[in-house]
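> Attaching a single structure in structure tokens format; questions to follow.
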Amino acid sequence: MNILCAGLNHRMAHIDVRERFAVRETEMGEMLRRLRQIEGVTGAVMLSTCNRVELYASSLCPLRALEGFQMILADRAGFEAPLYHHDTPRAVRHLFRVASGLDSMVIGETEILGQVKKAYAVAAEAGSATRPLHKLFQHAFRVAKSVRTETQITSGPTSIGSVAVELAGKIFGSLEDRRVMILGAGEISERTARSLQSRGVRSVIVSNRTYDRAAALAAEIGGMALHFDHWEKGFADIDILISSTNAPHMILTPEKLEPLLKLRRGAPLFVIDLAVPRDADPSINEMDGVFLYDIDSLEQIASQTLDVRRQEVDRCESLIEQHVGGFLSWMRSIHGPEATPFVKKA
Amino acid sequence: MERIALLLATICYLFSFGHTLFALGAGRFQPGRFNFIAMAMGALAQGWYLSMRGAAEHACPIGNLSEILIFLSWSIALIYLVIGPAYRLSLMGAFTAPLVLLLQIVALLLPGETRHGFFRPNPWVEAHAALSIVAYGAYGLACVAGLMFLVQEGQIKSRRPAPIFHHLPPISILSEAITRLVWIGFLLLSLSFAAGFLARLLVSGGKFWFSLLIWLIYAVIIVGSKKGLLSGRRLAIATAAAFALALILLPVIEKLSAHA
């Protein structure tokens, strides 16, 4: 018995190609049925995400299975695309790497594990997962968990929005009931505010020199607009200030903040300065209870996180290698040595 | 057997502390179960020691400074075991382990001459002393939370947070934990004072005034925090400094109690 993995991902195919091959959840049952009809395929699990379309199959003849898979995909998309393909043990290693986020566009992202779990659940429900595939996927979930807990591959945020969310979380704990003020209705402020909203922030006040723009953004994100001349009046009640005005001078200085901070009774204030030139005087970060991050410091944390993750890859690979060995031992004990080695079609 | 129990507790706390140092050195900051289990085992061994001492003396085993420090370290460990998981205060064990280990080692180095019959025949005196030490335990853990707050705040302010930042709890949660622990300590110390009055202990002299000073310091911290006069940072510094002072005064108070 062999495990076959074949497919395409973000590294080898542009999104224009990937979207043609993608299989929607509603179509998955039919797709699995067609895959099982390929000669020699005993079981199949199909993983279709925005970054990859992959087949994992248990097969006595991986070459035939690959040809059949290629035909089904070509039939679906209307054209043929080159697919990568692995058999045991590389297919096993590939799935373990995918589930652990090592093969993702952003190394260490964890969303893929949920997608792998979903693909497996759909196949299991459709009766398409054979014993080796059950074992393989359950092993992959254990590997992903072990990689996540024993290394720092998933640690830290990787975009400006997620850095802001993590920092806000480390200052306030839960973001529910936290109030955000946006000064200057720019696109990046909007994205950051949306990231915070996705983590529970409910109240957003938008203030802009052009009131109409503030009102439009407030309506879009479910916030409240405030005239720019009055932004200081709302200051006592907010927790997070996102600033990205086009002001030629700094609008948040220690002199301006000092009397406003007294109204806050010691509550912390997180200032996210996304403006260039900056809206906030860097020295406000020295004030008690004020935490200032500008665009550079946010970007630096995101890139620092990716560096840490890259450094962890070797540790992850060696953990995965141990698990591949464990899985192969199980396979040999059940099915004997791997069947026909995968021979690439000439 | 008493010595074995004490050594066991010390080894457990040493393991917890050593494991923390090793994990931090290796860049791993997962609030591991090992740390929690080692702390729990340490507290269990200390509890065993204290129960043996209690059975031998037919009284609360706080008859000398060594026993007081063990009782204090046990109180801190127990409060951590309850508070830590409840608040999801990851890494609190890493910060608590060195403190309980230090208290335990100092206790081991001190002579253990028990003042036999110190509490008899008045149970109020016993309650007064035990409640005071448990209050100190709450203050000790507030100090630990305060130190964690200062580390985490420094990380956020630095704008280049080190990996430990991801594993320390949010400063608001730490601030809340400090406030609650200070309240718990304050209430226990107040109850201890009430027990002292019922025991007709002297309401004058050095011991009384030192104890009152500590009670007043924590009362000021509570009022300052409630009125919004203390920011999170000031609250953390105040609780850490207050506990340091309380620890310095502890042997003095114990000495004065012996002569009371």
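Every number here is computed from the coordinates shown, using simple stated rules; none is lab data. Keep in mind it's a predicted model, so treat the numbers as computed, not measured. Every residue, glycine among them, receives a Cβ derived from its backbone with ideal geometry; neighbour counts consider all protein chains shown.
> Considering only A:324, A:17, A:53, give the residue with the highest GNM mean-square fluctuation for chain A, with springs between Cα atoms whenever their separation is below 10 Å.
Answer for the Gaussian network model of chain A: A:17.
> Too long at a 18 Å Cα-Cα cut-off: which of A:170/B:157; A:118/A:145; A:117/A:145; A:117/A:170?
A:117/A:170, as the Cα separations exceed 18 Å there.
> With unit charges on the beta carbons (Lys and Arg positive, Asp and Glu negative) and the dipole taken about the Cα centre of the protein assembly as shown, which residue among A:156, B:11, A:47 sits farthest to the positive side?
Positive-end residue among those listed: B:11.
> In addition: Defining a contact as two alpha carbons under 8 Å apart and six or more residues distant in sequence, what relative contact order in percent does chain B show?
Over chain B, the number comes to 20 percent.
> Name the lysines eligible as straight-distance cross-link partners of residue A:262: C-alpha to C-alpha under 16 Å, and not fewer than 8 places from it in the same chain.
Result set, ordered by chain and number: A:233, B:226, B:227.
> Now for a separate question. Explain nothing, just the number: dipole magnitude of the protein assembly as shown about its Cα centre with +1 on each Lys and Arg Cβ and -1 on each Asp and Glu Cβ, in debye rounded to the nearest 20.
Here the size comes out at about 1060 debye.
> Set Lys and Arg Cβ to +1 and Asp and Glu Cβ to -1, take the dipole of the protein assembly as shown about its Cα centre, and tell me which of A:244, B:64, B:54 lies farthest positive.
Most positive-ward Cα: B:54.
> Name the most mobile residue of A:265, A:20, A:213, meaning the one with the largest mean-square fluctuation, in a Gaussian network model of chain A with Cα contacts below 10 Å.
Ranking A:265, A:20, A:213 by mean-square fluctuation puts A:265 first.
> Say we join alpha carbon atoms closer than 10 Å with springs in a Gaussian network model of chain B; which of B:162, B:138, B:246 then has the biggest fluctuation?
Greatest mean-square fluctuation among the candidates belongs to B:162.
> Further, regarding this structure: Using the Kyte-Doolittle scale, find the helices of chain B whose mean hydropathy is at least 0.0 and whose Cα atoms extend 27 Å or more along the helix's long axis, counting only whole DSSP H runs.
B:2-25, B:33-57, B:65-87, B:123-158, B:171-198, B:205-226, B:232-259
> Per the Kirkwood formula on distinct C-alpha pairs, the Rh of chain A is how many angstrom?
It is 23.1 Å.
> Now, a different point. Cα convex hull of the stretch A:65-129: how many Å³ per residue?
118
> Would you mind giving the average projected area, over all directions, of the Cα convex hull of chain B in nm² with one decimal?
For chain B, averaging the hull's shadow over all directions gives 13.6 nm².
> Given +1 on the Cβ of Lys and Arg, -1 on the Cβ of Asp and Glu, and no further charges, what dipole in debye does the stretch A:190-308 carry about its Cα centre, rounded to the nearest 20?
Dipole of the stretch A:190-308, to the nearest 20 debye: 480 debye.
> Counting residues in the stretch A:1-72 as N, plug N into 2.2 N^0.38 Å and put the Cα Rg over that result.
Scaled against compact globular proteins, the figure is 1.06.
> Kindly provide the helix-only [θ] at 222 nm of chain A, computed as the sum of -39,500 (n - 2.57) over DSSP H runs of four or more divided by all residues, to the nearest 500 deg cm²/dmol?
The per-residue figure over chain A is -15500 deg cm²/dmol.
> In debye, nearest 20: dipole of the stretch A:210-265 around its Cα centre with unit charges on the Cβ of K, R (+) and D, E (-)?
Dipole about the Cα centre, nearest 20: 160 debye.
> Provide, for q = 0.06, 0.11 Å⁻¹, the log10 of I(q)/I(0) from a solvent-free Debye sum over equal Cα point scatterers in the protein assembly as shown.
For the protein assembly as shown at q = 0.06, 0.11 Å⁻¹, log10 I(q)/I(0) is -0.47, -1.06.
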